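Peer 1: Here's a structure for you.
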Amino acid sequence: MNRILEIDIDNIQVMVEPGIIQDALNDALKPYGFFFPPNPGSSAMCTIGGMIAYNASGMRCVKYGTTRNYVRDLEVVLADGTIIHTGSKMLKSAAGYDLTQLITGSEGTLGIVTKASLKIAPLPQTRKLVIASFENAEIAGQAVVKTFSKGVIPSACEILDRVSLQVLRRYDPKLVLPSEGDVLLFEVDGTESSAREAAEQIMKICSPLALSIKLAESENEMADIWAARKLVGAAVSRLDPTKTRIYVGEDVGVPIKKVPELLKKAQEISEKFNLPAMKYGHIGDGNLHLALFIDVLNKDEWDRLSKAADLIHRTAIELGGTVSSEHGVGAARAEYMEAQWGSALEVMRAIKKALDPKGILNPGKLGL
Amino acid sequence: MKNEGKKETEQAKELDKIEIRVEKGKEKLFEVDRRSVYKCVQCGTCRSVCPVFDVVGWESANTRGRMLIIKSLLEGTLPSEDVLPSLASCTTCGICAAKCPAGANPPEVVEAARAQLVKCGITTEAQEKLKSAVMTYGNSLGETQNRKHWLSEIERSQLPEKSDYVYFVGCFDSYRYPEFAKKTFKILQRYGVTLLPDEQCCASPLLRTGFREDAEKIMEHNLEQIIQVGAHTIITSCAGCYTTLKNNYPGELRVISLPEFLAEHLDELKLKKLDLTVTYHDPCHLGRHNKIYDAPRKVIQAICTLKEMKNIKEESRCCGGGGGVRIGYPDISLELARNRLKDVPEGVDYIVTSCPLCVRNLRDAGGDIEVIDIIELVAMAME
Ligand SMILES: Cc1cc2nc3c(=O)[nH]c(=O)nc-3n(C[C@H](O)[C@H](O)[C@H](O)COP(=O)(O)OP(=O)(O)OC[C@H]3O[C@@H](n4cnc5c(N)ncnc54)[C@H](O)[C@@H]3O)c2cc1C
Ligand code: SF4
Ligand code: SF4
């Protein structure tokens, strides 16, 4: 179940089995000058099936969108064993419900994906990386809002707060990163001249707010920063071996304009419950990874952790956002579905019941 | 290197075929250092590098799966034989530990978990065979011959009783590759190095597979021998013996690997230049576990041209011979070796390594290029 069945460059798409690893797919597409753009931090280990089930996205979705923007057709085995196709190779279709989109992001609760046709995109000629540091995360958030409102859309826009930077330095001491403040990484891509122009524009827009701002000097420097960024979430123990990062409240998202407010509230929550936190994430699409870390052998810290996570989820909903931007709801966040969706959740429950009346597919997931 | 997920291979099936021994009436309390287990945040980075997962493809056969299983045992799941295929199939190669962003040390956790399973009376037949060989015959191969059979009686009788330096030969060089032992000792003798009067297995196979109490007895025996000879330094040519003597023996033994010893004495060895191109395989227990990367390369480059493999040093891929996997799961073990051979560059005359277990596994994998120990290359350059 991990084969590439067809690379169809004429139709700019590929057909794969769901077990293929994202990086392996992109390695195969590279010689053709194409790529499958959604790139979660887990791209070296996650499967296309998992990405479809969770509508995974990652760092470049600001410009390229999420997995659902690339799924054309799925072969799905339903709960009763029926095999269906949800789409075709067509770019568009006005015939019937869009089952492709229904299955994408359904977390395996409606059927098992056994084949997928995916749109691919041409590899950009070049990428450039602007690294800017700010007095605090809130000001960094303002810089993002300002950049977007001036019409510049980077291919990635990430925030790493000062704790994340400390962790990264421990993880890879060779990394060249600003020594103070909270940092934004803006990646732009395109032709040499369009990328340079966009990078210069970002530097001009952000300079008045920034403590420091610079362009990454080489491809290697960029690659090292991205590689470390991908794994920062798991690396907290490098700072303090008695602490473990616990994945709760780690994936909230809000509309881009509310990002500075979310950052402020996240800081307040971390202080209120006296829990150290690392803030990083895909700030360009309003997705913040708040990494709370605790001593797993300490019960009091577990209690404070679950209260802090609860508050961060409710805060995101209040700000018009979501409890999960890309990691999915699963069982861990099922209790918030009601608060986030209200009566729309009943529609989801009706769909689940129609397609999986016995509740055999990923039971307990999504709060259905 | 990239792992690509589940495979329908014979190797995957081998995991279910093992024979298991469950001793009734044993206590089922499972305890390992919790913090070392909880360090794992299940990010899956190790999934992309675990060589066993690469050939088996099941989540339970990769590091993350093993850590999850150990966590569930800590949290109350009763230890049973069901966990053996997962826990017994780790080669302890350590590439997961090198890559883990959280700084977890999975092979250490796996070894501790295996020790707990042994305490609970849950083992594979292969493990039991290995233990019984070591405890009965003093070597992991079940050999009954004199361990110094590769020396003549006269040579044996002339061994110095006291010396600052001892050559720890190891089970493999003693019984499978006595020619390596001869060549090594020929050089070391020039420096007054002697042998232990009654060397036994270093205890590595016991430690890696969970028989800690038995291992302690053997280690004690070897330590007594070392004290008897009065040696302050042990030289060994086996990566498994090296890491065990250095990191598991009590006290602070000074242990030197053969490549380090050779590199230090290069000038005195008067090696000839050979018109050869070779590649070098880093044994996991010498390289990743103990960071000995430069010494073997220095020795090789003093003799001939070195052309590196695709994945080297910290990134080096396991030959499949360690952690009890060769004896427990020979098909998986040899598939790992075949995968490692894919990293060999074009146009080399030999694959050189510095561990007899790696020599055996890579040879048994059946490639076209001859696999030799570093001592053989050195011996060629001294002819
Ligand atoms: C270090 C790290 C960084 C990450 N960074 C990002 C990020 O930047 N952006 C992002 O979006 N996500 C990120 N993620 C989460 C990411 O979404 C998942 O790793 C990935 O999408 C899931 O793929 P998987 O193969 O791991 O799925 P699995 O964990 O195997 O499965 C996930 C779910 O999908 C279901 N499923 C799997 N295959 C199928 C199928 N064929 N049909 C139906 N259901 C199926 C499973 O039942 C399960 O419920 C990150 C995760 C990690 C560990
Ligand atoms: S890389 Fe480390 S933290 Fe991540 S799953 Fe593996 S052992 Fe766990
Ligand atoms: S030590 Fe090697 S074989 Fe064992 S889990 Fe880690 S990567 Fe896999």
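The values are calculated or read from the model by the stated rules, or taken from the named source; none is laboratory data. Treat the numbers as computed from the prediction; the structure is a model and nothing was measured. Please note: Cβ atoms are built from the backbone with ideal geometry, for glycine as well, and neighbour counts cover all protein chains shown. Only protein heavy atoms, including side chains, enter the accessible area calculation; ligands, DNA and RNA are left aside. Shrake-Rupley method; radii C 1.70, N 1.55, O 1.52, S 1.80 Å.
Peer 1: Scan segment A:274-290 and report the pairs whose first residue is among the aromatic types (Phe, Trp, Tyr) and whose second residue is near ligand 1 (Cβ under 10 Å from one of its atoms), with Cβ atoms within less than 6 Å and a gap of 6+ or a chain change.
Peer 2: Cβ pairs passing all conditions: A:Tyr280/A:Val232; A:Tyr280/A:His289.
Peer 1: Sticking with this one: Scan segment A:39-63 for residues that are within 22 Å of A:Lys92 (Cβ to Cβ) and modelled with pLDDT of 95 or more and jot them down.
Peer 2: Once the filter is applied, which keeps residues that are within 22 Å of A:Lys92 (Cβ to Cβ) and modelled with pLDDT of 95 or more, segment A:39-63 yields A:Ile52, A:Asn55.
Peer 1: Need at least 2 residues that are surrounded by fewer than 16 Cβ atoms within 10 Å (Cβ to Cβ) and among the hydroxyl-bearing types (Ser, Thr, Tyr) per element, so show me which helices (runs of 4 or more DSSP H) inside segment A:136-235 make the cut, counting only ones lying wholly within it.
Peer 2: Working: elements: A:137-149, A:162-171, A:192-206, A:219-231.
Those helices (runs of 4 or more DSSP H) span A:192-206.
Peer 1: Could you grab the pairs with beta carbons closer than 7 Å, sequence gap of 6+ or different chains, first residue in segment A:16-30 and closer than 12 Å to A:Ile52 by Cα and more than 9 Å from chain B (Cβ to nearest Cβ), second one of a type in the set (Gly, Ala, Ser) and open to solvent by 10 Å² or more (accessible area, probe 1.4 Å)?
Peer 2: That search, which allows pairs on different chains as well, returns A:Pro18/A:Gly49.
Peer 1: Right, next: In the list A:Ala53, A:Ala24, which residue meets the criterion of being within 10 Å of ligand 1 (Cβ to nearest atom) and in contact with a Gly (Cβ under 9 Å, 6 or more places away or on another chain)?
Peer 2: From the options A:Ala53, A:Ala24, the qualifying one is A:Ala53.
One line per residue, one yes/no per condition, for (1) more than 10 Å from chain A (Cβ to nearest Cβ); (2) under 21 Å from B:Cys96 (Cα atoms); (3) within 16 Å of ligand 1 (Cβ to nearest atom):
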{"position": "B:Lys17", "(1), (2), (3)": "yes, no, no"}
{"position": "B:Lys28", "(1), (2), (3)": "yes, no, no"}
{"position": "B:Arg35", "(1), (2), (3)": "no, yes, no"}
{"position": "B:Asn62", "(1), (2), (3)": "no, yes, yes"}
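Peer 1: Counting only residues that are crowded, with 22+ Cβ neighbours inside 10 Å and assigned to a helix (DSSP H, G or I), which one in segment B:86-110 is farthest from the chain's Cα centre (by Cα)?
Peer 2: B:Ser86
Peer 1: Do you know which of the residues in segment B:36-88 that are more than 14 Å from ligand 3 (Cβ to nearest atom) and among the acidic types (Asp, Glu) is farthest from A:Val236 (Cα to Cα)?
Peer 2: Filtering segment B:36-88 for residues that are more than 14 Å from ligand 3 (Cβ to nearest atom) and among the acidic types (Asp, Glu), the one farthest from A:Val236 (Cα to Cα) comes out as B:Glu81.
Peer 1: I've got another one for you. Got at least one residue in segment B:67-82 being within 11 Å of ligand 2 (Cβ to nearest atom) and buried (at least 23 other Cβ atoms within 10 Å of the Cβ)?
Peer 2: yes
Peer 1: Another question, then. Checking the condition of a type outside the set (Gly, Ala, Ser), touching a His at 6+ places or on another chain (Cβ under 9 Å), in the same structural domain as B:Leu357 (by TED's automatic domain parsing) and closer than 20 Å to B:Tyr350 by Cβ, which residue from B:Cys304, B:Cys319 passes?
Peer 2: Answer to the check: B:Cys319.
Peer 1: From A:Lys89, A:Lys115, A:Lys128, which residue is open to solvent by 30 Å² or more (accessible area, probe 1.4 Å), in contact with a strand residue (DSSP E or B) (Cβ under 9 Å, 6 or more places away or on another chain) and within 13 Å of ligand 1 (Cβ to nearest atom)?
Peer 2: Values: A:Lys89 fails: within 13 Å of ligand 1 (Cβ to nearest atom); A:Lys128 fails: within 13 Å of ligand 1 (Cβ to nearest atom).
It is A:Lys115.
Peer 1: Go through (1) open to solvent by 20 Å² or more (accessible area, probe 1.4 Å); (2) polar (S, T, N, Q); (3) closer than 29 Å to B:Arg363 by Cα for B:Gln158 and report which single condition fails.
Peer 2: Condition (3) is where B:Gln158 drops out.
Peer 1: Being open to solvent by less than 50 Å² (accessible area, probe 1.4 Å) and of a type in the set (Lys, Arg) is the filter; apply it to segment A:236-288 and report the residue that is farthest from the other protein chains (Cβ to nearest Cβ).
Peer 2: Among those that are open to solvent by less than 50 Å² (accessible area, probe 1.4 Å) and of a type in the set (Lys, Arg), it is A:Lys279.
Peer 1: Still on this structure, I have one more. Filter segment A:294-313 for residues that are open to solvent by 20 Å² or more (accessible area, probe 1.4 Å), within 14 Å of chain B (Cβ to nearest Cβ), in a helix (DSSP H, G or I) and under 13 Å from A:Asn274 (Cβ atoms) and give the result. I'd like the intermediate steps shown before the answer.
Peer 2: Looking only at segment A:294-313, we keep the residues that are open to solvent by 20 Å² or more (accessible area, probe 1.4 Å), and these are A:295, A:297-304, A:306-307, A:310-311.
This time we only want the ones that are within 14 Å of chain B (Cβ to nearest Cβ), so: A:295, A:297-299, A:301-302.
Pick out the ones that are also in a helix (DSSP H, G or I) and you get A:299, A:301-302.
Passing the criteria: only A:Glu301.
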